[in-house]
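Worksheet: the structure to be examined is printed underneath.
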Amino acid sequence: MRNASRDINKKTKNSSEEWNDKTNDKGYNLAYVSTKNRLLVLKEIALYGPVSRVTLASALGLTKAALSKIVAELLSNHLISEISPDTISGCNTPGRKPILLKISEHSPCVCGILINRHRIAGIIADLSCHVVEKEVISYESLNSEEDLLEHLLSLYHTLISKTSRQVEAVSIASLGPIDDENGKILSPFNFYGIHNMEICRLLEDQIGRPCFLINDANAGALAEKMYGFDKSASNFIYLNIMNGIGSGYILDHKLYRGENGQSGEIGHSSINFSGPQCDCGNIGCLELYANNRNMNSKIRQMQSKYGVLGTLPHKTGDYSFDEILCAAERHDPYALTALDEFCNYLSVAVLNVIRFLNISTIVIGYDSASDKQLLEKTLFHLLHDKMDFAQEHSLIVRHSTFDGNAPLYGAIARAADLVFEGKLNWLNGTDENKEEIKR
Ligand SMILES: [Zn+2]
């Protein structure tokens, strides 16, 4: 088990290249093509379902006969189920309506977990990211990695006790830096001294299910790509503004993960070469400037200079990021100034990425009770003012489909992606230690 999932993690890096190699060979294996077609149908249903057989055949370029055979297999394995279009609200087209296909309510699930500095959140969800259970554990501090492991096991056992669905894998999105190939949390800043924690091995030993690890911002990007409202987007930056600032990149429709999953540390890219030293060792990192503490300092400065005239109530402690965003939305002048400064710092780092990668879509994930448009609009205008004419045409800055939860859903997306790539074999029954797909 342990070695199997480590191997899966390592092989994932070049799966699409492997596929291209296979299909370009003269004598490629027909059994492999058959399996690949079944996985493509499963993926299409998971990502775009409920969907009709006609739509599926057209989208995947399969004959009616070939598709029927695959659908029958998936139905008999309880991976998918049929649904009457009459049961779907808004489906009011006249005439005979085709039966639709969706991921079955009896199909296996993944336990997705997101690790933050002060809480772990978990969900049980199927391949379409339909969430059947959720749970959160909060903590002020952790004494050791054993402490974190205990919380994770408690979360996992609580979740599986609440559902009758079969849970086949555990997928963790975590603050970085991490080593995703070896399932290790390396040494995140301000994370209670946790260092080189082999989190996947420790969990697999306890629960007997394969476990996978992904950087939280990468997970957010993958969730947006697979389950977000624009699945056709070929290139975008996902910015995660929760416990610091991280970024994930979808390049040419694929998640860019770097050598070992440590890409996207935009918060630790320098925006001031003569700035202070960061905990990461670098100089003038973005997170030293664009953070909640600095936003509060800005507000306090203005309050002491001009008096408490805005809509922010007097408070001895710090205003939260959400409180500042909500006040800015009410046109509070101090909150607006603090937000503008935050976005200005952010725009410097984001503009570098835009210029390096020629990307024009930015998706931002965070939680807020505000309408979640002001930060996006502010950043848009700052970037727009600094960009070249040719690029500014297509600039899009939008809020994440999942607010601040994209990394949690991304944990599910990571495991689902492994299933769709054939790295986790759910096609022939779902017991653990299954034989890998023959190529
Ligand atoms: Zn840094």
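The values are calculated or read from the model by the stated rules, or taken from the named source; none is laboratory data. A quick note: this is a predicted structure, and the numbers were derived from the prediction, not measured. We place every Cβ from the backbone using ideal geometry, glycine too, and count neighbours over all the protein chains shown.
Here's the yes/no breakdown for (1) assigned to a loop (DSSP other than H, G, I, E, B); (2) under 22 Å from I396 (Cα atoms):
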residue	(1), (2)
N190	yes, no
C200	no, no
Q206	no, no
N218	no, yes
E224	no, yes
L239	no, yes
S247	no, yes
N260	yes, no
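Scanning the stretch 91-101 for residues that are in contact with a strand residue (DSSP E or B) (Cβ under 8 Å, 6 or more places away or on another chain), closer than 24 Å to I199 by Cα and in contact (Cβ under 8 Å) with a residue 24 or more places away in the chain turns up nothing. Among the residues making up the stretch 101-158, those that are part of a strand (DSSP E or B), closer than 18 Å to F189 by Cα and not β-branched (V, I, T) are L114, R119. Would a scan of the stretch 204-217 turn up a residue that is touching a residue at least 12 places away in the same chain (Cβ under 8 Å) and within 16 Å of the ligand (Cβ to nearest atom)? Yes - at least one qualifying residue is present in the stretch 204-217. G264 satisfies every condition listed in (1) touching a Ser or Thr at 6+ places or on another chain (Cβ under 9 Å); (2) in a helix (DSSP H, G or I) except (2). The combined condition, being part of a helix (DSSP H, G or I) and either acidic (D, E) or surrounded by 16 or more Cβ atoms within 10 Å (Cβ to Cβ) (or both), is not fulfilled by K372.
Count of the stretch 266-319 residues, restricted to those that are aliphatic (A, V, I, L, M), surrounded by 12 or more Cβ atoms within 10 Å (Cβ to Cβ) and more than 16 Å from the ligand (Cβ to nearest atom), is 5. Residues of the stretch 233-265 that are under 28 Å from K372 (Cβ atoms), within 16 Å of the ligand (Cβ to nearest atom) and polar (S, T, N, Q): N240, N243, S247, S263.
Residues that are without any contact (Cβ under 8 Å) to a residue 40 or more places away in the chain and either among the hydrophobic types (A, V, I, L, M, F, W, C) or not in a loop (DSSP other than H, G, I, E, B) (or both) within the stretch 159-181 comprise just one, S161. A count restricted to the stretch 172-216 and to residues that are under 18 Å from the mean Cα position of the chain (by Cα) and of a type in the set (F, W, Y) stands at 1.
A quick yes/no check of all residues on (1) over 16 Å from F420 (Cα atoms); (2) touching a Ser or Thr at 6+ places or on another chain (Cβ under 7 Å); (3) modelled with pLDDT under 95; (4) not charged (D, E, K, R):
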{"position": "N14", "(1), (2), (3), (4)": "no, no, yes, yes"}
{"position": "D25", "(1), (2), (3), (4)": "yes, no, yes, no"}
{"position": "I45", "(1), (2), (3), (4)": "no, no, no, yes"}
{"position": "A65", "(1), (2), (3), (4)": "yes, no, yes, yes"}
{"position": "V71", "(1), (2), (3), (4)": "no, no, no, yes"}
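Looking across the stretch 163-200, the residues that are surrounded by fewer than 17 Cβ atoms within 10 Å (Cβ to Cβ) and more than 16 Å from the ligand (Cβ to nearest atom) come down to T163, S164, Q166, Y192, G193, H195, N196.
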